[in-house]
Every structure is written in C-alpha cells, then in structure tokens.
Amino acid sequence: MAPGAIVGDEDKLAIVPKQDAVPNLYQGLDEDELRAKSEKHLLYYGSKFHKDVITGARGLYIYTASGHRILDWTSGQMSCLLGHGHPEIVKVIYDHALQLDHLFSGMMSPPVISLGERLCKALPEGLDRAFFLSTGGESNEAAIKLAKVYTGKFEIVGIGASWHGMTAQAQGTQYHFGRRGHGPLMPGMHMLPAPNAYRSVFSRPDGSYDWEAELDHGWRMIDLQSCGSLAACIVECIQSSGGMHVLPPGYLKALKKHCEARGMLLIVDEAQTGVGRCGDFMAINHEDVVPDILTLSKTLGNGLPLSAVVTSDKIGLEAADRGYFFYTTHVNDPLPAAVGDKVLEILFRDDLVAHSRRMGEVLHAGLQKLYSRYGCIGQVRGRGLMAGVEIVEDRGTKAPANELAKRVGDLAYSLGLWANLSSHPSFGGVFRIAPPITVTAEQIEEGLEILEKAFAQTEGTLPLYPKGEHERIGLAM
C-alpha cells in the first residue's frame, strides 16, 4: 500500500501517512517569489517574518522551500507536543473533517464530552468542569470573565513579565509586552513583581533570593492601589515569554494564600507548561496546588487551535446562575476537541509524562555542560522539556547581550537547529527551548551538538577552555 493513500470503503476511510519521506506538499516552489508575495500582501502583526518559507513539517523537523532541514526545538509555537504530523493525530483530523467537523455552538458531540471527561478525571478534585475554545488568549479572557461574574468584583492581578494573550482582559493582565499603542487598557489591572531569581533586588543576608519578601511587598503595593474589588490573580508556573523563569518552590502556594485572604480566585495559565511538558501532567501537580480556574491551550491541541477553561462544580454552577456568558463561533467544536482527546489518550497510553521528565534530565544536563564551557551563558533554567538559556556580556554584570544572542541563534538555525530567541529588552536575550515531548535522547544530543558548534564559532561567547579545544569543537562538527 502506498504511503499517504486513502484506504477502506466509504464508511471506513482512513489515512496511511508517509513516515520517512521528506514532506513535499509544496516542493518546487520558488522561494524568492513566495517571499516577494509575502512582502506585498501580508499584513505585519508584531513580528518580522523569517527569511525562509517553511514548506514541510514532520516529526521533530521542519523543512524550507530551499530544502534546509531544521530540528524544531520550539514545537512550532510551543504547541506541537507530540511532534509535527503525528500519524494518529492526522487520522483524527481526517476522520472528523470528513464526518464531524463544526457544529452550532449550543450542540454537543462525543469528542467534546470525551475530552471533558478525560481531562477532568486526570486533574485534581476541584477542577471538575471544562469548556473548549480556540486560543490561549481566549481561554484566559474567558477565565477572567468567569472570575468577575463569580466574585462580583473586577480587579485582576497579573505578574510582571507575564504573557496571557491578545484579547482585552488577557492583555490587560500581561506585563511582558504589548501594552502600548492601543489606547486605554481594561480598568482595575494590577501587577506583582516578576519572580526573577537571576535579577531580583530582593535578597537575604546570605545573598539568596528572597521571593517571600518580594511577594509580600508586591501585595502591599496592590492593597494600596486597589479600590476594594479584587477578583482574581492570574499566573504562569513558568514565565516562558518573560525568559523561562520558573516560580520558586512554595511561591504558588503562597500566592494562593494571598488570594484566599482577599477573597480572590487564583487562575493558573498552563498554556505551555501543561500536558506533560514539564515532567508532570500539569505544572500545578509539581507544586501540589489546585487553582480555582485552570486554562490550557497550545499543547492540548498539538498545534491545532484548542484551548480549555477548567473550574470547580461550585464556581461553574454559581457563575451559570449569575449569567456567565462566553459564547463563540468555535466553542466546543468537535474536530479540535477530538484532537485534544487523542493527545491525552496518547500521552497516558505511552507514558509520555515520565518520558518528558527523563528527556528533560538529558536536555538540562547538556545545557549545563554548555554553561560550564561558555561565559556568555548567564543562567540555564527551566524544568522538564522547557528550558531557558540567558545570554549576557559577562556573568559579573549580567548585562544583556542581545546582539550576541542573535548571532548565536542565527548560526544555530543555519546549522539546522531552531531554538526561539526571546530578545525583548525587558529581560535580554534568552533562548526558549521546548521540543516535542516525543523527542529522543539522540535528537536532544543532535540539537546540543549544533548549539555547541554555534557557540564555538561565534565571536564573543567567552569560551572557558583552552583555545585549541575551542577551535576543535567549532570545526569538527
């Protein structure tokens, strides 16, 4: 049977995806012509387009129109949890596009019911009911509105360096980037200091990071600003866009206590950390904290637009009685829900949470080795298969080295590795690494070798070993 063929009778159509061949859906296109058309017709939306035009994606690799193969260490937009073109996901998409794709928003379907059951049963008690939307910003918007309706209050607290989406209320709680140029933001938004252990000015006498003092100080400032209508606090367990900063151990529990003391709800945004990425099913499992509302996106849909809002029976039912309303064209759509349900099925069936934890150990060990070899690496941080590598001018001053980071990243890309570089001045140059959790140890080593070569061949990376060894590494790979 030919790979890629459609087989079976009309009632049992299925796809046999190609497994080994390089994706060639757009083979033979003129990349220069495509680039010229993009420059003429595509609207800027906040990010410069990369030079290459991507024409294929398979497993952990993406392919350009010019034939360049690149190891994708960011899972697309941190979303392709199981890799590109996973055959079981492809079949689910095909089957539901053919038979059960999109419905009136008030109608129910088996994939939505199954996903709701599978997800809620896997989460701690108190996260009992879910509904499904398209993007992370949308799910955070819905969660904030849910908190406002339930509490009857309107002030929302976010964390410095946060990223929660582009809708009005999600963006109002977002302090990493994107607040300027659009006119007034939502009223009643407040910010806690970003828990940045690498750069915080809050320290104990022994020099260690005093996040408790920083958090208490932040809440004192919010109490002074508040008009007495604090509804919720929203937080990421790892601030990815803000530089891959992991919340300090105990921070999430302390944050929940602060919320409870003020009659607020705690919303945890697990867009990137959820569904096994960090070596636990959810990052909240690692901290043993149950939020009042949990939001998911990205990883749940394996690259398809799927997000979730999950809350307790009590909040869900009382909010419904009070008129909670978040009705969209694609709420609870069956096709993306079927994909999310299959993602969870594969995750648990193949024990991918434990695999992610093991592969995370391989990844972080390799990155720590790079830290020991290049003085421009200020810090390696993260958990599981989420990692950040911060590039500085030197470790003493911790001065950001954005230009150097860009040169390293550009060379790594040309050598065959894509590791997203967050270069916004709010935190300096940080590589954000989050490969699909199906990655193998061999593929991690492949990426580490490329990254090592990029550091070795880039001037200014401050090698910490003899010059001859530096040259050998730079030329031998």
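The values are calculated or read from the model by the stated rules, or taken from the named source; none is laboratory data. Keep in mind the model is a prediction, meaning the values are calculated, not measured. Virtual Cβ from ideal backbone geometry, glycine too; neighbours counted across all protein chains shown. Remember, those area values only see protein heavy atoms, side chains included, never the ligands or the DNA or RNA. Shrake-Rupley method; radii C 1.70, N 1.55, O 1.52, S 1.80 Å.
For the stretch 188-285, what is the charge dipole size about the Cα centre, in debye to the nearest 20, if Lys and Arg each add +1 at the Cβ and Asp and Glu each add -1 at the Cβ? Let's see the in-between values first.
On the way: 8 positive and 11 negative charges, 13 e Å.
Using only the charged Cβ atoms, the result is roughly 60 debye.
So for the chain, what are the equivalent ellipsoid semi-axes in whole Å, largest first, each being the square root of 5 times an eigenvalue of the Cα gyration tensor?
Numbers: eigenvalues 236, 209, 79 Å².
They are 34, 32, 20 Å, listed from largest to smallest.
For the chain, what is the calculated [θ] at 222 nm in deg cm²/dmol (nearest 500), taking -39500 (n - 2.57) for each run of four or more DSSP H residues and dividing by its residue count? Each step should come with its number before you reach the end.
Numbers: 15 runs with 181 residues, N = 477.
Theoretical 222 nm ellipticity from helices: -12000 deg cm²/dmol.
Per q in 0.24 1/Å, what log10 I(q)/I(0) does a Debye calculation on the alpha-carbon atoms of the stretch 360-446 return?
-1.30
What pairs in LYS298/LYS406; LYS51/LYS453; LYS40/LYS342; LYS121/LYS253; LYS121/LYS148; LYS48/LYS256 have C-alpha atoms more than 31 Å from each other?
LYS40/LYS342; LYS48/LYS256, as the Cα separations exceed 31 Å there.
Using the Cα atoms of the stretch 281-407 to build a convex hull, what is its mean projected area in square nanometres? Don't skip to the answer; put the middle values down first.
Values: hull surface 47.9 nm².
Mean projected area for the stretch 281-407: 12.0 nm², to one decimal.
Within the stretch 42-72, whose backbone N sits under 16 Å from a point 7 Å along Cα→Cβ of GLU31?
Answer for this model: 49-57, 62-72.
Normalised by the empirical 2.2 N^0.38 Å for globular proteins, what value does the Cα Rg of the stretch 100-179 take? It would help to have the intermediate numbers written out before the result.
Details: Rg = 15.1 Å, N = 80, 2.2 N^0.38 = 11.6 Å.
Rounded to two decimals, the normalised Rg is 1.30.
With a ≥ b ≥ c taken as the square roots of the eigenvalues of the C-alpha gyration tensor of the stretch 43-195, please select rounded if a/c is under 1.5 and otherwise prolate if a/b is larger than b/c or oblate if it is not?
Working: a/c = 2.10, a/b = 1.20, b/c = 1.75.
Oblate, because a/c is 1.5 or more while a/b does not exceed b/c.
By how many nm would the segment from ALA320 to MET221 lengthen if fully extended, with 0.36 nm per residue of separation less the alpha-carbon distance? Mind dumping the intermediate values first?
Details: separation 99, 0.36 × 99 = 35.64 nm, distance 3.32 nm.
This chain segment gains 32.3 nm when fully extended.
For THR329, what accessible surface area do you get with a 1.4 Å probe? Give it in Å², rounded to 10.
So the heavy atoms of THR329 present about 90 Å² to solvent.
Could you order GLU88, GLU393, GLU442 by accessible surface area, starting with the largest, using a probe radius of 1.4 Å? Walk me through the numbers before you get to the answer.
Details: GLU88 55, GLU393 115, GLU442 135 Å².
The most accessible residue leads, giving GLU442, GLU393, GLU88.
For the stretch 168-292, taking Cα atoms only, what is the radius of gyration to one decimal and the Dmax to the nearest whole Å?
Looking at the stretch 168-292, its Cα Rg and Dmax stand at 14.9, 44 Å.
Counting only other residues whose beta carbon sits under 12 Å from that of LEU404, what net charge do I get with K and R as +1, D and E as -1? Write down the numbers at each step before the final one.
Working: positive: LYS406, ARG407; negative: GLU390, GLU393, ASP394, GLU403, ASP410, GLU459.
That works out to -4.
In µm²/s, what is D for the stretch 148-196 at 20 °C and 1.002 mPa s, where D = kT/(6 pi eta Rh) by Stokes-Einstein and Rh is the Kirkwood radius from Cα pairs?
Working: Rh = 11.3 Å.
After rounding, the answer is 190 µm²/s.
What does the C-alpha gyration tensor say about the overall shape of the stretch 293-366? Classify as rounded when a/c is under 1.5, otherwise prolate if a/b is larger than b/c, or oblate.
Numbers: a/c = 2.78, a/b = 1.97, b/c = 1.41.
Taking the square roots of the gyration eigenvalues as a ≥ b ≥ c, the stretch 293-366 is prolate.
Using alpha-carbon pairs under 8 Å, 6+ residues apart, how would you state the relative contact order of the stretch 255-356 in percent? The partial results should precede the final answer.
On the way: 117 pairs, mean separation 28.6, N = 102.
About 28 percent, as a whole number.
Mind giving me the nanometre distance, one decimal, between the label points for TYR465 and LEU185, set 7 Å out from Cα along Cα→Cβ?
Those two pseudo-labels are separated by 4.5 nm.
Mind ranking VAL353, VAL149, VAL389 by accessible surface for me, highest first, 1.4 Å probe?
On the way: VAL353 25, VAL149 45, VAL389 5 Å².
Greatest to least solvent exposure: VAL149, VAL353, VAL389.
For the stretch 24-170, with every protein chain kept in place, what is the accessible area per residue (1.4 Å probe, Å²)? Walk me through the intermediate numbers first.
Working: 7420 Å² over 147 residues.
In whole numbers, the stretch 24-170 has 50 Å² accessible per residue.
Sequence-distant or interchain residues sharing an amide H contact under 5 Å with LEU133, placed H: which?
Those qualifying (amide H under 5 Å, at least 5 residues apart or on another chain) are SER307, ALA308, VAL309, ASN332.
Quick one: accessible surface of THR328, probe radius 1.4 Å, all protein chains present, in square angstrom to the nearest 10.
Counting only protein heavy atoms, THR328 exposes about 30 Å² to solvent.
To the nearest 10 square angstrom, how much accessible area does CYS259 have with a 1.4 angstrom probe?
Its heavy atoms expose roughly 0 Å² to the probe.
In terms of the Cα gyration tensor, with a ≥ b ≥ c the square roots of its eigenvalues, is the stretch 203-252 rounded because a/c is under 1.5, prolate because a/b exceeds b/c, or oblate? Let's see the in-between values first.
Working: a/c = 2.65, a/b = 1.29, b/c = 2.05.
Note, shape of the stretch 203-252 comes out oblate.
So for the stretch 361-463, averaging the separation of alpha carbon pairs under 8 Å that are six or more residues apart and normalising by length, what relative contact order in percent results? Write out the running numbers ahead of the final one.
Values: 164 pairs, mean separation 30.5, N = 103.
Computed over the stretch 361-463, the figure is 30 percent.
Over the chain, what is the relative contact order in whole percent, taking alpha-carbon pairs under 8 Å and six or more residues apart?
On the way: 951 pairs, mean separation 86.0, N = 477.
Reported relative contact order: 18 percent.
Order the following by accessible area, largest value first: PHE281, PHE154, PHE202. Probe radius 1.4 Å; ligands, DNA and RNA are ignored. Don't jump to the answer; show the numbers that get you there.
Details: PHE281 20, PHE154 80, PHE202 55 Å².
Result, largest first: PHE154, PHE202, PHE281.
For the chain, what is the percent of antiparallel DSSP beta bridges, rounded to the nearest 5?
70 percent
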